[in-house]
1. Given that compact globular proteins tend to follow 2.2 N^0.38 Å, what is the ratio of the alpha-carbon Rg of segment 232-320 to that value?
2. With a cut-off of 8 Å between alpha carbons and a minimum separation of six or more residues, what is the relative contact order of the chain in percent?
3. How much net charge surrounds N237 when only the other residues with a Cβ under 13 Å from the Cβ of N237 are counted, with Lys and Arg +1 and Asp and Glu -1?
4. Considering the options A183, A208, A219, tell which one lies farthest towards the positive end of the dipole of segment 179-222, charges being +1 on Lys and Arg and -1 on Asp and Glu at the Cβ, about the Cα centre.
5. Given the rule -39500 (n - 2.57) for each run of at least 4 DSSP H residues, summed and divided by the residues of the chain, what is its mean residue ellipticity at 222 nm, to the nearest 500 deg cm²/dmol?
6. Quote the convex hull volume per residue of segment 179-222, based on C-alpha atoms, as a whole number of Å³.
7. Which whole-number percentage describes the relative contact order of segment 10-174, with Cα contacts under 8 Å and a sequence gap of 6 or more?
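No value in this document is a laboratory result; all are computed from the given coordinates. All values reported here derive from a predicted model rather than from experimental measurement. In this analysis, Cβ positions are derived from the backbone assuming ideal geometry, glycine residues included, and neighbour counts consider all displayed protein chains.
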Amino acid sequence: MKTVFSNSQVPHVWAQQTQPNGHSQSMRFEGDTLYSHSTPIGRIVEVRPPGLTDGGAGQETRVALLTSNTYSVTTSSKHMPAARNAVINLRVFYVPDVQADSEQAHAANLAYMLVCYAKEINRLRRKRDLWALAYESLEPIQQDARAYAQIFGLPEPTLNAQADAAAIVEFRAAWNARLDTPANVARRTKACEDRAAARERKAEREYAAQVARDVERLADFRAGLPLNTSAYMRDANGGAYLRISGDNVQTSLGAHVPVADARRVISLIRAYQSGKCPPPRDGAQYDVGAFHIDTLYTNGDIKAGCHYIQFAEIDAIGRALGV
């Protein structure tokens with residue numbers, strides 16, 4: 001069993017939980033816990049809470065706990081984004097203690113979520129703009145807190161995002177009414193219009209720049225240049241790109257599998273996609289490197305953990321490998 005990986009590969013192998021441990025130069029995982037150096041930054045938890053469904057009878061439902069703490073530049077700006085990217089297919093909770101394994105520890109994590117909720121209320125009460133969107137800001141925190149309590153057997157918090165949002169709207173409306181002289185209204189209206197126009201111009205510039213960067217990054221990826229967490233990319237449909245890198249097929253999300261495994265699985269996918277073999281049996285999974293394919297679609301697209309890969313990309317790699 002291979003246990004030494006690149007930094008980009010470690011979170012993917014950890015997220016799939018297909019082996020007990022693995023490490024790179026600065027990241028590692030032991031069982032369900034992911035570490036940046038010696039700091040635990042993520043944990044996969046197997047649960048079956050009431051009201052949540054899983055992928056099939058007898059399978060546990062997984063959630064991910066990711067740290068809400070801030071650490072070094074390397075941990076916060078490189079390792080944490082890689083961890084988040086690897087568990088986008090799971091329900092994720094951001095908590096201060098990812099290794100919580102007791103009712104008291106989980107209660108402390110829930111208390112942190114409630115503090116975040118209270119801070120968001122105070123922030124929205126001070127906002128001059130966007131306070132009307134208070135419910136959209138509060139409701140996700142409320143849902144996370146309720147789900148966390150349900151999953152880990154804690155009393156459900158008595159939050160009411162709808163009522164709290166209405167109170168914020170009422171507060172801001174009353175506050176603004178005191179300032180609503182004709183001159184102030186005209187000045188604020190003009191300022192809002194100017195800010196909206198400036199945001200639109202900025203968004204257009206950023207979109208054009210992003211398109212140019214994506215074209216350049218994809219060209220660099222195809223050319224075999226080194227890939228890091230800040231260069232991860234997906235196509236417009238959320239699919240990963242593929243390339244051949246030495247003895248491996250590498251994804252644009254930092255994972256890789258041996259060429260020999262890729263050839264074997266691509267042959268199976270081609271046969272299924274062309275109708276030359278029946279669909280996989282219920283629950284059957286194709287192993288490829290340290291991963292397995294969770295879903296094989298009728299058009300040949302696949303889903304493996306956080307990866308969705310379109311058949312066109314698989315087909316191109318297959319042709320390059322002579323499959």
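1. 1.00
2. Reported relative contact order: 13 percent.
3. Taking every other residue near N237 into account, the sum is -1.
4. Selected residue: A183.
5. Numbers: 8 runs with 139 residues, N = 323.
Mean residue ellipticity, 222 nm, calculated: -14500 deg cm²/dmol.
6. Hull volume over Cα atoms, normalised by residue count, gives 45 Å³.
7. 16
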